[in-house]
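Report on the structure given below.
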Amino acid sequence: LSKTAASILESLFKKDPHEAEFIQSIQEVVHSIEPVLVKNSQYVQILERLLEPERCFIFRVPWVDDRGEAHVNRGFRVQFSQALGPCRGGLRFHPSMNLSVAKFLAFEQTLKNALSLYKLGGAAGGSDFDPKGKSEIEVMRFCQSFMDELYRYLGPDQDFPAEDVGVGPREMGFLFGQYRRLSGHFQGNFTGPKIFWSGSSFRTEATGYGLVFFARVVLADMNKELKGLRCAISGSGKIAMHVLEKLLSCEAIPVTVSDSEGYLFDGDGFDYVKYTLIRNIKAQQRSLKEYLKTFPRAKYINDAKPWGEQCDIAFPCASQNEIDQGEALSIISSGCRVLIECSNMPCTGQAVDILRKAKVHVAPAKATAAGSSR
């Protein structure tokens, strides 16, 4: 690194030494724009201001389960930048959620929104609450308690939240209902609620469909098309399933999806019948292993990721850092020539370097996920 880039990162390490996810996201950006900083020293101070979030909120979220026992979780909201307009970004309910993750997601969202056509700043937040295994009433109680604190920092001219991991239309509905009750306003301050709760049409599909549209543009630049190409997908959540659905409409051949226990591979490729089966399995919160009961020629690999399977394009939709150096080498060996980042920071910095040296085209999530800014 140049002295300029090194000094920026050294300052960050001193201020936030334990925030691994946030530091990684900053490192990637500084490494990417280092040539610009070296030639244009006037941008250094601007970058230093950009790397510091405008405000961070941390608050407790007490709630009561169905047995009457009290619990306390921690809530977060980071409003990273309002330079372009009011903040917009996701809410994530997951046990791994912490301030570092919130800052990393808010920083990523700031850059995504800057690349979109919308005048929006960036934010992110959520809680270490895990909605899995909770009843609908428990989730509703938690969402209402979460909004009891957060609502005072939201508004159409300040910040409006969106869906992320663990937060879907149901959770957004609970959150929006409590916000409306507390604030007395019914403006469309949330993205994600159902259409009759001031939500927007195709909001749920926007990110997944947009990722496939981006892949088409990348392939067109290579004088190729999606039709007939084998596609490896990780994850089986909302984004992964909409990527799979749109790939089918483009006549591509998706061959993998995954969950927390392993991955499913169907060498014949998924079709609409198989896609519907996978959706039903996930809607019932069952393992993808259930797929084998209907299609025994497929295989399910425990405790593994799908990147060793032969494919032309990879769509990592699961989580950050799911592709490390070893997985990058597997992707290269699989014959993959294009990787479309679908989740936030799915590749480590070392993995990206390995892929690009092997002439694999890596499309960064900051650009590919522009559909999520809708």
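Dipole size of the chain about its Cα centre, with +1 on Lys/Arg Cβ and -1 on Asp/Glu Cβ: approximately 620 debye, rounded to the nearest 20. Annotation: the residues 63, 307, sorted from fewest to most other C-beta atoms within 10 Å of their own C-beta, follow the order 63, 307. Near residue 82, once Lys and Arg are set to +1 and Asp and Glu to -1 for all other residues with Cβ below 14 Å from its Cβ, the sum equals +1. Residues in region 293-310 carry Karplus couplings, in order, of 5, 9, 10, x, 6, 6, 9, 10, 9, 6, 6, 8, 10, x, 6, x, 7, 4 Hz; the curve used is 6.51 cos²θ - 1.76 cosθ + 1.60 with θ = phi - 60°, and Gly or Pro positions show x. Normalised by the number of residues in the chain, the average gap of Cα pairs under 8 Å and 6 or more apart makes the relative contact order 12 percent. For the chain, adding -39500 (n - 2.57) for each run of n ≥ 4 DSSP H residues and dividing by the number of residues yields -13000 deg cm²/dmol at 222 nm. Close amide H partners of residue 87, meaning residues 5 or more places away or on another chain with modelled amide H under 5 Å apart, are 121, 159, 160. Here the Karplus curve 6.51 cos²θ - 1.76 cosθ + 1.60, taken at θ = phi - 60°, turns the phi angles of region 204-210 into couplings of 5, 8, 3, 5, x, 4, x Hz, with x standing for Gly and Pro. GNM remark for the chain: springs join alpha carbons under 10 Å apart, and the peak mean-square fluctuation among 64, 212, 139 falls on 64.
Neighbour counts of other Cβ atoms within 10 Å put 256, 207, 4, 348 in the fewest-to-most order 4, 348, 207, 256.
Between residue 277 and residue 55, full extension at 0.36 nm per residue minus the direct alpha carbon distance yields a gain of 75.5 nm. For the chain, 56, 87, 143, 231, 250, 311, 336, 347 stand unpaired, since no other cysteine beta carbon lies under 4.7 Å from theirs.
In order along region 161-166, phi translates into HN-Hα couplings of x, 9, 6, 7, 4, x Hz, rounded to whole numbers, per the Karplus curve 6.51 cos²θ - 1.76 cosθ + 1.60 with θ = phi - 60° and x for Gly and Pro. As a calculated quantity, the FRET efficiency between residue 304 and residue 216 at R0 = 25 Å, using C-beta atoms, amounts to about 0.30. Dipole of the chain computed with +1 at Lys/Arg Cβ and -1 at Asp/Glu Cβ about the Cα centre; of 295, 113, 46, farthest Cα towards the positive end is 113. For residue 39, a cut-off of 16 angstrom between C-alpha atoms picks up these lysines, skipping any fewer than 8 places away in its own chain: 3.
Panel order for 242, 94, 361, by other beta carbons found within 10 Å of each beta carbon, from fewest to most: 361, 94, 242.
Read-outs throughout are calculated quantities, based only on the coordinates presented, and are distinct from any laboratory measurement. Everything numeric in this text was worked out from a predicted model, so none of it was measured. Heads up, the Cβs are rebuilt from the backbone with ideal geometry, glycines too, and the neighbour counts pull from every protein chain shown.
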